[in-house]
Amino acid sequence: MESRGLSYIVKKPEYGRENKQTDMILLFLLEGWMTVRYREENYKMMKEDIILINPGTNYEIVEGEDALYGIASFSMGFTSSILKNRRMIFYCNSVMDTKHSYRDLRDIFFELTAEYTSCSHQTNALNESLMLKLLDCIVENYQVSQDDIKSEESESDLRMREMMQYIISNLDREISLNDLADQLYVSASTLSRIFKKNTGVYFADYVMQLRVRSSLSLLKHTEQSITQIALSSGFASSASYNRAFRKLYGQTPTDYRKNNQSETKREEDEFIESEKEIRKELLEKGYEKGKQDKISLGVVDLEKNSGEKYEKSWGKIINIGAIHDMTKANMQYHVMFLSEQLHYKYFRVWNVFSKKMLLFDGRSIGLYNYDLMDQVFDFFVQHKLKLFLDFGRRPETAISSGQKVVYFSEEYIEFESKEAWEALVADFLSHIVGRYGQEEVSGWIFELSRFGGHEMRHKNGGLYIDDDYDFYDAFKYFNDAIRTRVPNAQFGGVGSILNTDGSFLGDFFSKAKKDNLRFDFLSFSLFPYDNTIEEEKKRIRRISESDVYEEHQVYEIAEFVKNSGYEDYKIYITEWNNSISNRNFLNDSCFRAAYIAKKLSGIAGLVDSISIMSGSDWISSYMDTVGIVNGGIGLLTKDTIRKPAYYAIDFMNQLGEYVIAKDKNYIVTRKENGDFYILCFNFSWFRKNYLMQDEDLDIRQSDAMIFDNDEPITLRLQLKNVAKAGNYCIKKRTLNSQYGSILNEWKKFQYNTRLTRQDVKYLDAISLPNLSQSEFTVEKDGGTIELEIKMEMHEVDLIHVFLQN
């Protein structure tokens, strides 16, 4: 479809052909994949990717498979008239760009494709309006500021860009290098030299060649006179046009038109036939309907599968933070809140031997001050809460991304000797047993973890200073101390990450096996990172490309434990999250909720416990955490506003005791009373371009096109062979960007950090999942309940189905 310098067509690629054009075009990949070479870079386009090719630049489709793509073209003359000759710079490249969602452009492209496919309108008015809408969207949302460009380019690149913009904007008018030089306050000779160096031709010759090339389409496809074509292409007369044309092609424009008439007719016939075939294919695939939701089908036979009982391993233990944080009233309040609302039993705290607790100076054996420690433990005991104590050494820190650290300090007591550490361990255990009694302390969990990276990178990074320091010796001593003083308490370790600490773990288990060392559980950390070694021998964390990385890691952990001879031991995942960053706004978004739902539905039955990082955003509060949310890893904000991740855990807790069926988008469970609880989720992992960048994502990018698939899906689920006929109530709780997202609600306040207490209360009250209800009638015993759930990206739904009395 072409009108007034606007056109949109759908085609299949011609590989290896260099496309020379003067229009501004956008490529939109409908199906398959293809690699586009543009400005000496290759970009692999996947389904629904978009790339803008600026006027005057060439591109080539290098390779691909089953590719079908749309091309939206805006002629130079049209864009100049619309933009009123202003020099605007546009950047659209969804392969590389993570600052834009591209949903706006893609929706328009699907409308264009639908109209192209159906040709249902008598005029080009609809097509033209959509093309104008596309151009408006580019101008308003994909314009790059001059300052952004200048900060990243050399003086020569800057001048080349300004010259190319000038040429394209004025190709159908008089062009003067001297005039441009005067505008830029630089000599014409300097511009000429830069242009020749970058293009291989002189400025005037390049302008002439570009004008001639822009005239070819008019010669081949219109009945305009040579004079009309010459003037519209920017030549002063038909004579100057003839000279330029003969110089470039060795013939006059008139001869070119005559000589190419038959070829032009053949090309036009082939194009028309190709368009027919493409439209036929598009119709067969349903493109005339516009963008359609993906359909996911599920059938669950309740007669064949009554369900398998399982433990909710996510609901036992929650990470809280350093023990000193528990001296603060706000953290204590959050612990109570999480206990009452999410029913956590154990609260994991670390850095028990912290300088801030004023317990010991590291050298004066026998002189210990338990005042602050007693204050913390009294709180837990009085409220009948159980402690999970990690005695490992770890710094007080918050990480924003990879190796970027917000703050870092050593909090652990500097034990001057092995004897000093062992003496405190023994006295500490005796003290808590004496104060709280054997029965109470036996219900606690004790862990000695090893923060491997810190131990390796820092001198004296172990638990104590000793020339022959070995973590295994410390672990063995602690285990013996527990067995002596609190024999019924759980003890374990070592809190490692399998893919980075495999060598250490192998050595550790070998020694433990040799000594017949018996303890209660093995603890591991789980984060979705691959680790690569750079030239400087530094371990750089990169998010894994695999969206099932954690599931594979859990299987590898189980296999590793089995091969080590400890297959009968409990496996605790003591620290788990989608990110180690405390400054990543995805932690506050629905992405994390869908991540939790998806991963727990697959991992939960494979381990004895899995503990989210963490309960509260107070864990990483600092001078920069001034917002309502700050990218922290808590389930609760500092103001006790429940994040989407909180509701994901809440939804999981409501599931039934029996798992009937699981699939990539749902888990179906049954309660003892026969009610069904179904958790549905539309989870999407990251695109490859996000995986290589820093995680301290700007708040405005948290809903950007960084995900592999941002399409909604429609889940059609059938529950077959329902035992009893009757009217079934279907209650649905919906968590998505509109319901239950504090990040989206705060966005309506323009992310203002100076809110009143009433504003915060409002945000707390409004950030709730939606609750709706419907009914379904099963006509006879053994009938079918049919559910249809439409979910946006990263939506999580909890559906309760029960027979009404």
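The values are calculated or read from the model by the stated rules, or taken from the named source; none is laboratory data. Remember, it's a predicted structure, so these values are computed and weren't measured experimentally. Every residue, glycine among them, receives a Cβ derived from its backbone with ideal geometry; neighbour counts consider all protein chains shown. The accessibility values were calculated without ligands, DNA or RNA, using every heavy atom of the protein model including side chains. Shrake-Rupley method; radii C 1.70, N 1.55, O 1.52, S 1.80 Å.
Output the strands (runs of 3 or more DSSP E) that fall wholly within segment 389-471 and possess 1 or more residues being at pLDDT below 90, under 39 Å from the mean Cα position of the chain (by Cα) and hydroxyl-bearing (Ser, Thr, Tyr), or say none.
On the way: elements: 396-401, 404-409, 445-447.
Output list reads 396-401, 404-409.
Table: residues versus (1) within 21 Å of Tyr477 (Cβ to Cβ); (2) open to solvent by less than 20 Å² (accessible area, probe 1.4 Å); (3) modelled with pLDDT under 95; (4) touching a Gly at 6+ places or on another chain (Cβ under 8 Å).
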| position | (1), (2), (3), (4) |
| --- | --- |
| Met331 | no, yes, no, yes |
| Arg348 | no, yes, no, no |
| Lys356 | no, no, no, no |
| Gln375 | no, no, no, no |
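Could you please tell me which pairs satisfy a Cβ distance under 7 Å, a separation of 6+ or placement on different chains, a first residue in segment 661-676 that is under 16 Å from Arg716 (Cβ atoms) and charged (D, E, K, R), and a second residue that is open to solvent by less than 30 Å² (accessible area, probe 1.4 Å) and modelled with pLDDT under 95?
The qualifying pairs are Asp663/Gly298.
With the checklist (1) assigned to a loop (DSSP other than H, G, I, E, B); (2) in contact with a Pro (Cβ under 6 Å, 6 or more places away or on another chain) in hand, flag the one item Tyr647 doesn't pass.
Of everything listed in (1) assigned to a loop (DSSP other than H, G, I, E, B); (2) in contact with a Pro (Cβ under 6 Å, 6 or more places away or on another chain), Tyr647 misses just condition (1).
List, please: which pairs have Cβ atoms under 8 Å, are six or more places apart or on different chains, and start with a residue in segment 403-432 that is of a type in the set (S, T, N, Q) and end with one that is in a helix (DSSP H, G or I)?
Matching pairs, first to second residue: Ser430/Arg485.
Given the conditions (1) open to solvent by 30 Å² or more (accessible area, probe 1.4 Å); (2) of a type in the set (Ser, Thr, Tyr); (3) within 29 Å of Ser581 (Cβ to Cβ), which single one is not true for Ser401?
Going through the list (1) open to solvent by 30 Å² or more (accessible area, probe 1.4 Å); (2) of a type in the set (Ser, Thr, Tyr); (3) within 29 Å of Ser581 (Cβ to Cβ), Ser401 breaks only (1).
Given (1) of a type in the set (A, V, I, L, M, F, W, C); (2) assigned to a loop (DSSP other than H, G, I, E, B); (3) over 26 Å from Tyr287 (Cα atoms), where does Val95 come up short, assuming only one miss?
Going through the list (1) of a type in the set (A, V, I, L, M, F, W, C); (2) assigned to a loop (DSSP other than H, G, I, E, B); (3) over 26 Å from Tyr287 (Cα atoms), Val95 breaks only (3).
Give segment 163-186 a look and list any residue that's hydrophobic (A, V, I, L, M, F, W, C), part of a helix (DSSP H, G or I) and within 15 Å of Gly77 (Cβ to Cβ), or say none. Give the derivation first.
Filtering segment 163-186 down to residues hydrophobic (A, V, I, L, M, F, W, C) leaves 163-164, 167-168, 171, 175, 177, 180-181, 184, 186.
Filter once more, keeping what is part of a helix (DSSP H, G or I): 163-164, 167-168, 177, 180-181, 184.
Within segment 163-186, Ile167, Ile168 qualify.
From Asn587, Asn578, Asn582, which residue is at negative phi, in a loop (DSSP other than H, G, I, E, B), out of contact with any strand residue (DSSP E or B) (no Cβ under 8 Å at 6 or more places or on another chain) and buried (at least 20 other Cβ atoms within 10 Å of the Cβ)?
Details: Asn587 fails: in a loop (DSSP other than H, G, I, E, B); Asn582 fails: out of contact with any strand residue (DSSP E or B) (no Cβ under 8 Å at 6 or more places or on another chain).
Result: Asn578 is the single residue among Asn587, Asn578, Asn582 that is at negative phi, in a loop (DSSP other than H, G, I, E, B), out of contact with any strand residue (DSSP E or B) (no Cβ under 8 Å at 6 or more places or on another chain) and buried (at least 20 other Cβ atoms within 10 Å of the Cβ).
Test Ile628 against the criterion of being at pLDDT 90 or above and part of a loop (DSSP other than H, G, I, E, B), and give yes or no. Let's see the steps before the verdict.
On the way: at pLDDT 90 or above: yes; part of a loop (DSSP other than H, G, I, E, B): yes.
Considered against the rule, which asks whether it is at pLDDT 90 or above and part of a loop (DSSP other than H, G, I, E, B), Ile628 comes out as yes.
Can you name the residue in segment 154-178 that is of a type outside the set (S, T, N, Q) and surrounded by fewer than 13 Cβ atoms within 10 Å (Cβ to Cβ) and, of all such residues, is modelled with the highest pLDDT?
It comes out as Glu174.
Looking only at segment 1-53, how many residues end up being small (Gly, Ala, Ser) and either in contact with a Cys (Cβ under 6 Å, 6 or more places away or on another chain) or part of a loop (DSSP other than H, G, I, E, B) (or both)?
Step one: filter segment 1-53 for residues small (Gly, Ala, Ser), giving 3, 5, 7, 16, 32.
Retained after the next criterion (residues that are either in contact with a Cys (Cβ under 6 Å, 6 or more places away or on another chain) or part of a loop (DSSP other than H, G, I, E, B) (or both)): 5, 16.
Residues that pass the stated criteria total 2.
Any residue in segment 64-81 that is closer than 18 Å to Gln143 by Cα and of a type in the set (S, T, N, Q) sitting within a Cβ distance under 7 Å of a residue that is at pLDDT 95 or above and surrounded by fewer than 22 Cβ atoms within 10 Å (Cβ to Cβ)? List the pairs, counting only those 6 or more apart or interchain.
none
Applying the selection to segment 472-499, what residues are open to solvent by 10 Å² or more (accessible area, probe 1.4 Å), among the polar types (S, T, N, Q), at pLDDT 95 or above and not in a strand (DSSP E or B)?
Within segment 472-499, Thr484, Asn488 qualify.
Can we say Gln183 is surrounded by 16 or more Cβ atoms within 10 Å (Cβ to Cβ), of a type outside the set (Phe, Trp, Tyr) and at pLDDT below 85? Give the derivation first.
Values: surrounded by 16 or more Cβ atoms within 10 Å (Cβ to Cβ): no; of a type outside the set (Phe, Trp, Tyr): yes; at pLDDT below 85: yes.
The answer is no for Gln183.
Quick one: how many residues across segment 325-363 are outside any strand (DSSP E or B) and more than 33 Å from the chain's Cα centre (by Cα)? Outline the logic, then answer.
Let us first name the residues in segment 325-363 that are outside any strand (DSSP E or B), namely 325-345, 351-353, 355-363.
From what is left, the residues that are more than 33 Å from the chain's Cα centre (by Cα) are 327-329, 352-353, 355-363.
The number of residues fulfilling the criteria is 14.
Before we move on, is Arg213 open to solvent by 80 Å² or more (accessible area, probe 1.4 Å), assigned to a helix (DSSP H, G or I), charged (D, E, K, R) and more than 30 Å from Ser118 (Cβ to Cβ)?
Values: open to solvent by 80 Å² or more (accessible area, probe 1.4 Å): yes; assigned to a helix (DSSP H, G or I): yes; charged (D, E, K, R): yes; more than 30 Å from Ser118 (Cβ to Cβ): yes.
Yes; evaluated as a whole, the condition is true for this residue.
Output the residues belonging to segment 54-79 that are in contact with a helix residue (DSSP H, G or I) (Cβ under 7 Å, 6 or more places away or on another chain) and part of a strand (DSSP E or B).
Just the residues of segment 54-79 that are in contact with a helix residue (DSSP H, G or I) (Cβ under 7 Å, 6 or more places away or on another chain), to begin with: 55-56, 70, 72, 74, 76.
Matches in segment 54-79: Gly70, Ala72, Phe74.
Scan segment 536-575 residue by residue and report those that are among the acidic types (Asp, Glu), under 22 Å from Lys664 (Cα atoms), open to solvent by 20 Å² or more (accessible area, probe 1.4 Å) and not in a loop (DSSP other than H, G, I, E, B). Before you say what the answer is, go through the steps one by one.
As a first pass, look at segment 536-575 and keep what is among the acidic types (Asp, Glu): 536, 545, 547, 550-551, 556, 559, 567-568, 575.
Next, from what is left, pick out any that are under 22 Å from Lys664 (Cα atoms): 545, 547, 550-551, 556.
Filter once more, so that each one left must be open to solvent by 20 Å² or more (accessible area, probe 1.4 Å): 545, 547, 551, 556.
Of everything in segment 536-575, those that are among the acidic types (Asp, Glu), under 22 Å from Lys664 (Cα atoms), open to solvent by 20 Å² or more (accessible area, probe 1.4 Å) and not in a loop (DSSP other than H, G, I, E, B) turn out to be Glu551, Glu556.
Suppose we filter segment 386-440 for residues that are within 30 Å of Leu691 (Cβ to Cβ) and of a type in the set (Phe, Trp, Tyr); how many remain?
Filtering segment 386-440 down to residues within 30 Å of Leu691 (Cβ to Cβ) leaves 392, 394-408.
With the extra rule that they be of a type in the set (Phe, Trp, Tyr), the set shrinks to 407-408.
Residues meeting the conditions: 2.
Could you please let me know if Tyr739 is surrounded by 17 or more Cβ atoms within 10 Å (Cβ to Cβ), more than 25 Å from Asn141 (Cα to Cα), out of contact with any Phe, Trp or Tyr (no Cβ under 9 Å at 6 or more places or on another chain) and at pLDDT 95 or above? Steps first, please.
Values: surrounded by 17 or more Cβ atoms within 10 Å (Cβ to Cβ): yes; more than 25 Å from Asn141 (Cα to Cα): yes; out of contact with any Phe, Trp or Tyr (no Cβ under 9 Å at 6 or more places or on another chain): yes; at pLDDT 95 or above: yes.
Spelling it out, Tyr739 is indeed surrounded by 17 or more Cβ atoms within 10 Å (Cβ to Cβ), more than 25 Å from Asn141 (Cα to Cα), out of contact with any Phe, Trp or Tyr (no Cβ under 9 Å at 6 or more places or on another chain) and at pLDDT 95 or above.
Quick grid of which residues meet (1) closer than 25 Å to Lys11 by Cβ; (2) polar (S, T, N, Q); (3) open to solvent by less than 60 Å² (accessible area, probe 1.4 Å):
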| residue | (1), (2), (3) |
| --- | --- |
| Ala239 | no, no, yes |
| Asp255 | no, no, no |
| Gln261 | yes, yes, no |
| Glu270 | yes, no, no |
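Name the one entry in Ser101, Ser120 that is modelled with pLDDT under 90, farther than 17 Å from Leu52 by Cα and in a loop (DSSP other than H, G, I, E, B).
On the way: Ser101 fails: farther than 17 Å from Leu52 by Cα.
Ser120 is the lone residue from the list that is modelled with pLDDT under 90, farther than 17 Å from Leu52 by Cα and in a loop (DSSP other than H, G, I, E, B).
Among (1) more than 21 Å from Asp608 (Cβ to Cβ); (2) open to solvent by 10 Å² or more (accessible area, probe 1.4 Å); (3) touching a helix residue (DSSP H, G or I) at 6+ places or on another chain (Cβ under 6 Å), there is one condition Gly315 misses while meeting the rest; what is its number?
Unmet for Gly315, out of (1) more than 21 Å from Asp608 (Cβ to Cβ); (2) open to solvent by 10 Å² or more (accessible area, probe 1.4 Å); (3) touching a helix residue (DSSP H, G or I) at 6+ places or on another chain (Cβ under 6 Å): (1).
Does Leu132 satisfy being modelled with pLDDT of 90 or more, under 20 Å from Pro55 (Cα atoms), in a helix (DSSP H, G or I) and more than 27 Å from the chain's Cα centre (by Cα)?
When the stated conditions are applied, Leu132 passes them.
Do the conditions hold for Arg279, that is, is it exposed (fewer than 12 other Cβ atoms within 10 Å of the Cβ) and either of a type in the set (Asp, Glu) or under 30 Å from Leu112 (Cα atoms) (or both)? Steps first, please.
Values: exposed (fewer than 12 other Cβ atoms within 10 Å of the Cβ): no; either of a type in the set (Asp, Glu) or under 30 Å from Leu112 (Cα atoms) (or both): yes.
Against the criterion (exposed (fewer than 12 other Cβ atoms within 10 Å of the Cβ) and either of a type in the set (Asp, Glu) or under 30 Å from Leu112 (Cα atoms) (or both)), Arg279 does not qualify.
Arg733 fails exactly one of the following numbered conditions: (1) open to solvent by 20 Å² or more (accessible area, probe 1.4 Å); (2) in contact with a helix residue (DSSP H, G or I) (Cβ under 8 Å, 6 or more places away or on another chain); (3) part of a loop (DSSP other than H, G, I, E, B). What is the number of that condition?
(3)
Just name the residue that is nearest to Met208 (Cα to Cα) out of those in segment 248-260 that are of a type outside the set (S, T, N, Q) and touching a residue at least 12 places away in the same chain (Cβ under 8 Å). Outline the logic, then answer.
Restricting attention to segment 248-260, the residues satisfying the condition of being of a type outside the set (S, T, N, Q) are 248-250, 253, 255-258.
Within this subset, residues satisfying the condition of being touching a residue at least 12 places away in the same chain (Cβ under 8 Å) are 248-249, 253, 256-257.
On the way: Leu248: 9, Tyr249: 12, Pro253: 14, Tyr256: 17, Arg257: 19 Å.
Taking the candidates together, the pick is Leu248.
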